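Just so you know, all these numbers are worked out from the coordinates, no wet-lab data involved. Not measured: the values here are computed from a predicted model. Cβ placement follows ideal geometry from the backbone for every residue including glycine, while neighbour counts extend to all protein chains displayed.
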Amino acid sequence: MSNEQYLIVSYFVIGLTCMGLAIATFMLLWRSFAALTSAVPGGGLGRIFRKLFLVGIVLPSMAGFFSVTFRSCSKESYQTIIADRSYLVAKNQEQLRASLSHMAMALLVWGLILSIAFLAKRGKEMTYGTTGTKKP
């Protein structure tokens, strides 16, 4: 396999791998995320969170994948890029790292969003109590 063929095949394989990892992460976390969002105050907000969760995992993962460029200071032309197989392998590894990093950041953001929602619920309960009337 030539380096040019390797570049094309590896690009799509790594892209599909990043997509698969994002979907696997979604599937792994879906049940617990759905259970948490069902307890979020205001049923509509929890439903919105559940609908956005897949996009909120897959999109950052793919953004990380696409953020890696094969051009660099020393390799600006297509011919210099495909001339070195080890450079192509390094860029594929960088794509995987960027994808996983973006996905981890997305999960942290989801955790922060849910934490804020639960803190707002807790503050509302402390102000109004469980009966719905304002505490003295």
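For the pair Ala90 and Val55, what calculated FRET efficiency results from E = 1/(1 + (r/R0)^6), where r is the Cβ-Cβ distance and R0 = 35 Å, to the nearest 0.05? For Val55 and Ala90, the calculated efficiency is 0.70.
Comparing mean-square fluctuations of Gly15, Gly64, Gly111 from a GNM of the chain with C-alpha springs under 10 Å, the top value falls on Gly111.
Given (i) 1.15; (ii) 1.31; (iii) 1.53 as candidate values of Cα Rg over 2.2 N^0.38 Å, which corresponds to the one derived from the coordinates? Recomputing Cα Rg over 2.2 N^0.38 Å here gives the entry labelled (iii). Relative to the dominant Cα principal axis of the chain, helix 3-38 is inclined by about 10°.
Compute the angle between helix 43-66 and the longest alpha-carbon principal axis of the chain, please, reported from 0 to 90 degrees and rounded to the nearest 10. That works out to roughly 20 degrees. Determine which residues of region 1-41 fall in the zone a paramagnetic label at Tyr78 would reach in this model, i.e. backbone nitrogen under 15 Å from the point 7 Å along Cα→Cβ. Hits in region 1-41 for Tyr78 at 15 Å: 3-9. The angle separating the long axis of helix 85-128 from the principal Cα axis of greatest extent in the chain is about 10 degrees.
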